[in-house]
Amino acid sequence: MVCNRTLSRNLLAALAAFALCSAPLAAQSAWLAPGPRPAASAELFRAGFVEDDDFSAATAAFLAGRLPLGRARLTFEVPLAYAATPTGGSTAVGNPYVGLETPVAEGRGVLELGLRLPLGGESGAGTLATGVGRFSDMDRLEAFEADVLSLALLGSLERGEGAVRLLLRGGPVFWVRTKRQRRLQDRGEMIAAYSARALIERGAASFSAGFSGRWAVTADSGDFGQNSFHQFGVTADYQAGPIRPGLLLRLPIDDDLRDVLDYVFGLRLAVRVP
């Protein structure tokens with residue numbers, strides 16, 4: 001069994017590496033079911049780390065809501081994370097998100113403009129909760145990044161007809177650092193965020209499989225492989241009246257990410273109103 005101190009050092013070192021050379025992704029999840037967006041949703045993730053023996057808890061949650069605003073929708077989200085080892089634990093409240101979604105392409109696409117505010121913080125022993133939050137959903141890595149204001153402009157498009165469709169999503173994400181950070185250049189970054197997945201619908205059930213990725217376009221050095229990371233994911237959802245429960249499993253693709261993370265398992269619950 002790896003000791004707590006070693007585990008903490010390794011996890012924090014990996015987080016520092018990703019903060020330096022990898023990309024944050026969109027503020028909202030790339031793995032939500034298509035169709036009308038829910039009025040409220042809760043997502044709970046459990047990250048399985050390679051050195052996982054000493055974690056008694058490693059979870060993150062994203063609580064989100066949407067309000068109609070004419071043809072558009074006002075969106076907001078609050079991320080939370082909790083990590084615990086036998087020697088202590090910590091809780092993190094991530095950076096809240098506020099955005100605007102508007103339908104495009106005759107309703108087959110959505111344009112998203114979102115801002116994530118650098119208001120998060122952590123309490124308790126150590127800083128493991130922030131790390132758990134980042135790795136729990138790396139499609140929203142900036143949700144737990146300290147002193148970074150992020151702006152995302154993303155488009156999603158649904159292709160195909162009938163029970164089998166292709167869902168595409170992508171666009172730029174900009175980081176603006178609000179404080180000078182050691183080992184990071186005092187400037188902003190531009191990130192390319194992208195995902196693609198195939199969706200199959202059978203009655204009230206839906207299943208999808210695909211990948212998501214992000215690439216630090218403005219990185220000073222390194223090639224595409226060194227400045228990007230990707231995940232494979234599968235989802236299952238079921239519409240039960242106004243309630244839609246779902247499951248998600250994400251697996252890292254890149255070697256650097258697999259050195260730290262084995263998997264992420266997620267539970268989701270969305271509620272729609274008439």
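A few points about this structure:
- Averaged over residues, the count of other Cβ atoms within 10 Å places the peptides 188-197, 84-93 in the sequence 188-197, 84-93, highest first.
- Among the trypsin sites (Lys or Arg not before Pro) in the stretch 62-105, those located in a DSSP loop and surrounded by at most 10 other Cβ atoms within 10 Å of their own Cβ are 71.
- With all protein chains kept in place, the per residue accessible area of the stretch 157-274 amounts to 54 square angstrom at a probe of 1.4 angstrom.
- Computed E for residue 174/residue 200 - FRET, C-beta separation, R0 30 angstrom, nearest 0.05: 0.30
- J(HN,Hα) series, the stretch 128-145, from Karplus relation 6.51 cos²θ - 1.76 cosθ + 1.60, nearest Hz, glycine and proline x: 5, 4, 4, x, 4, x, 5, 6, 5, 8, 6, 5, 10, 4, 5, 5, 10, 8
- C-alpha center-to-center spacing [the stretch 199-274, the stretch 125-152] in angstrom: 16 Å
- The Cβ shell under 10 Å around residue 114 holds other residues with a net charge of -2, Lys and Arg each +1, Asp and Glu each -1.
- The stretch 147-237, accessible surface, carbon-and-sulfur percent (1.4 angstrom probe): 61 percent
- The protection proxy used here, the mean number of other Cβ atoms lying within 10 Å of each residue, ranks peptides 255-262, 152-159 as follows, highest first: 152-159, 255-262.
- P(r) histogram, all alpha-carbon pairs of the stretch 180-274 included - 5 Å bins from 0, percent: 3, 11, 16, 17, 16, 12, 10, 8, 5, 3, 0
- The stretch 78-224, relative contact order in percent, only Cα pairs under 8 angstrom and at least six apart counted: 17 percent
The values are calculated or read from the model by the stated rules, or taken from the named source; none is laboratory data. Quick caveat, the model's predicted, so the values are computed rather than measured. Heads up, the Cβs are rebuilt from the backbone with ideal geometry, glycines too, and the neighbour counts pull from every protein chain shown. To get the accessible areas, we keep the full protein, side chains included, count just its heavy atoms, and leave off ligands, DNA and RNA. Shrake-Rupley method; radii C 1.70, N 1.55, O 1.52, S 1.80 Å.
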